[in-house]
Amino acid sequence: MVQRLFSLVKQCPNLYPFNMRLRIMDCIQLASCAEPPVTVTAVNPTEVSIAWIPGYEETSWDVEYKLSSDTVWSMADASYSSTTYTFSNLNANTSYDFRVTPICGDPGSMFSELTVRTPCFPDTVPYSENFDTWATGYNFAPCWHKGTNYSTQYPSISTSYAHSGRNSVYFYSTSSTYSYMVLPGMNVSIDSLQLSFWMYKSNTSYSHEVKIGVMTDPSDIETFHEVFSASCSNLSTWEPFEFAFNNYTGPDGFIAFLSPNNVYCYPYIDDIEVNYIPSCPRPRNVFATSITQTSATINWSDTTASQYVVEYGPAGFEHGNGTVLYTSDDSVAVTGLFPSSRYDVYVRALCTDTDSSLWSFVYSFNTSCGEISNLPYSDNLNSWGSGTSVHAPYCWTYGSGYSTSYPYLSSSYSYNSAGASFYMYTDPSGNTYFQLPPLDSTQFMANQTFVTFYTYRSTTSYDMGVIVGVSTTPDLTGFVAVDTVMVPYGTWTANEVYLDQYAGTGKYITLMAYCPDAYSYPYVDNITLDVIPSCPRVTHLASANATSNSVDLSWVDHGSNTPSSWIIEYGPQGFSLGTGTQVSVTTNPVTLTNLPSSMQCDFYVRPVCSASDTGTWNLTPGAFATSQVPATLPYSYDFENAAEWANWQTNSNDTIHNWYRG
């Protein structure tokens, strides 16, 4: 509507002028449409349904949609005359924008928009997650949800502790803050499900309690319905929990973990499993009694089966590779064990001929301390937990003149895909060390054994090494060093030290951090002590006197049976055994001839002690390089010819960066 203002003036004699103003209005036609109110009526992983009410008198609309990340709209239906519409063939767990525009003479900006994220497809049961493929930090995988009222985005994915692999979920709550995690939706009703997981408590100051429940809206903490609670009873130990939702009568939704806001609490959660509630429950509360150096009694409860299967073996063994026992009782004796050793036990219930339970959660126990009377003796350090309070395996001894905090089992680096390794921090006078349980000298003397282990160095700031020797007491009294191995940077390296040159009577095999610089902090893992075989592997491979077509190679033999010959296999750096060039030699050292110039090689050596006794290849390859043929002057190279590039030599002070032609 437009207004115009006019003024009329009448002049009268002897009077003031008389003014009259007229307001004249032009009328325009009112719009026949307006923005229609739009609502979402249904959502599933591939469809979104919407409905709207006409804004005024409009009778048709343009219906459009797009990915929220896009800028261009797609027309779903033009001049659409209904007030409901379903968008199909959408992607699950994806954010979309939807727009409804009324059709009128001059629609202008009269449209309605809304944004909807399609839900994930429900996951199938059984479902499991160990978090090892997730990136560390605060971002969760698609279809999982989390929330907190704390300033930092807890919970997070952490590498500090893990029950399996390297990752777990770290929760954080205080007296006034909470954090929660929501699992993806499942394709069956929650009251038919059973949840299991492992939880870890890293200190004794707080309860480390979590609530387990159901959320109808993963983004709204007010929809959390508590069903169970769980708290760890032991420090620095992963504990299993299992809960069945058969008595849950609330609304269906999503299984959720809540670190509550009434206590300081920061537990770790790992290895979550969701399964159907079984008709034959797994045995629970597995524990050991009457433990000696060579035997124990395994007990269990919480099941009503008529028969049970028990499988046990050294810590970390795989199902199918252990010793199996059958019993109709709720306990069984296991014998023939070794002193100072850790064992894993699983129990399974046989309810009927066709119905058996899942295996129980693993239970671990230690036999009583005693001397090592059976070899090989090994430990991958994965069964003891980790952290600054876990210094060594059971029955091992340790110490440090640098700090009583060291050594300890750390999960920061491990030779295995999961677990821990010794972290041996020291300075030149610190003498940080650990010792295996003592040898039974009636069975083995130290000089009849050899030890293998893996080492790792996480920094280039200092040179580091490990000294291997034997002590007469469970400390460094009477310690005699036998060999020292240096620790390369950035890669786990296999090491083998033979104790055949040790002339004492000590029983304690000792590994101590070697510190040629200001500090040393190597990692040590996967330790094995064994009897020196009749034809031992060689060690200390070396090369010298390289020319353009020859090189001298040498190594150190062990044991009393001197080899009559050796097999050498060499090839390009990094080659796989079996793919290189093999030569048989009868002297140590030996000169290899007729080699190509500018050749950089690894080599392995295998001893032959007799026609029927051949040793195995050494663990870590040696290296050699033949010199290049001098170039003639003038010399130029444009880096195009690969053969000429082989005459160039490159070097770097670390194992990550180097010069490359490309």
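The values are calculated or read from the model by the stated rules, or taken from the named source; none is laboratory data. As the structure is a computational prediction, the values presented were derived from the model and not from experiment. Cβ atoms come from the backbone with ideal geometry, glycine included; neighbour counts cover every protein chain shown. Note: areas computed on protein heavy atoms with side chains; ligands, DNA, RNA excluded. Shrake-Rupley method; radii C 1.70, N 1.55, O 1.52, S 1.80 Å.
So the values come out like this:
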{"read-out": "Two-site FRET efficiency, Thr591 against Phe639, from Cβ-Cβ distance with R₀ of 41 Å, rounded to 0.05", "value": "0.75"}
{"read-out": "Mean projected area (nm²) of the alpha-carbon convex hull when region 48-97 is viewed from all directions", "value": "3.8 nm²"}
{"read-out": "Rounded to the nearest 10 Å², the accessible area of Thr473 at probe 1.4 Å", "value": "40 Å²"}
{"read-out": "Dipole magnitude of the chain, debye to nearest 20 (Cβ charges: Lys/Arg +1, Asp/Glu -1, about Cα centre)", "value": "1200 debye"}
{"read-out": "Among Tyr413, Ser279, Ile527 - extreme Cα towards positive end, dipole of the chain, charges at beta-carbon", "value": "Tyr413"}
{"read-out": "Value of relative contact order over region 431-496, rounded to a whole percent, pairs C-alpha under 8 Å and six or more apart", "value": "37 percent"}
{"read-out": "Region 42-132: relative contact order in percent, alpha carbon pairs under 8 Å with at least 6 residues between", "value": "32 percent"}
{"read-out": "Extension gain, Asn149 back to Asp302 (0.36 nm per residue minus Cα-Cα distance, nm)", "value": "51.2 nm"}
{"read-out": "Cα pair distances of the chain binned at 20 Å [whole percent]", "value": "14, 32, 28, 16, 6, 3, 1, 0"}
{"read-out": "Solvent-accessible area of Val583 with every protein chain in place, 1.4 Å probe, in Å² to the nearest 10", "value": "40 Å²"}
{"read-out": "Region 464-573: C-alpha gyration tensor shape, a/c 1.5 cut-off, then a/b vs b/c", "value": "oblate"}
{"read-out": "Qualifying aspartates and glutamates (Cα of each under 16 Å from Cα of Lys201; at least 8 residues distant if same chain)", "value": "Glu209, Glu239, Asp270, Asp271"}
{"read-out": "Charge-dipole axis of the chain as Lys and Arg at +1 and Asp and Glu at -1 on Cβ define it, positive-most pick from Ser564, Ser576, Ala349", "value": "Ser576"}
{"read-out": "Peptides 68-78, 337-347, 594-604 ordered by average Cβ neighbours within 10 Å, highest first", "value": "337-347, 594-604, 68-78"}
{"read-out": "Rounded, prolate or oblate (a/c below 1.5 giving rounded, otherwise prolate when a/b exceeds b/c) for region 290-411 by Cα gyration tensor", "value": "prolate"}
{"read-out": "Cβ-derived FRET efficiency at R0 41 Å, Tyr413 paired with Phe287, nearest 0.05", "value": "0.80"}
{"read-out": "With all protein chains modelled, accessible area of Glu222 [1.4 Å, Å²]", "value": "150 Å²"}
{"read-out": "Region 572-613 and region 214-277: distance between their alpha carbon centers, rounded to Å", "value": "59 Å"}
{"read-out": "Furthest towards positive pole of dipole, Tyr502, Gly185, His145, structure part the chain, Cβ charges", "value": "His145"}
{"read-out": "P(r) histogram, all alpha-carbon pairs of region 95-237 included - 10 Å bins from 0, percent", "value": "9, 31, 33, 12, 8, 5, 2, 0"}
{"read-out": "Structure-based [θ]222 nm, the chain - -39500 (n - 2.57) summed over DSSP H runs of at least 4, per residue, nearest 500", "value": "0 deg cm²/dmol"}
{"read-out": "Cα shape, region 215-302, gyration tensor, a/c 1.5 rule", "value": "oblate"}
{"read-out": "Relative intensity, log₁₀ I(q)/I(0), of region 353-476 from a Debye sum that treats every alpha carbon as a point, q = 0.15, 0.23 Å⁻¹", "value": "-0.82, -1.62"}
{"read-out": "Solvent exposure of the chain as accessible area per residue, Å², 1.4 Å probe", "value": "49 Å²"}
{"read-out": "Residues Ala625 and Cys120, FRET efficiency given R0 of 41 Å [Cβ-Cβ distance, rounded to 0.05]", "value": "0.15"}
{"read-out": "Region 55-203 - share of DSSP beta bridges that are antiparallel (%, nearest 5)", "value": "95 percent"}
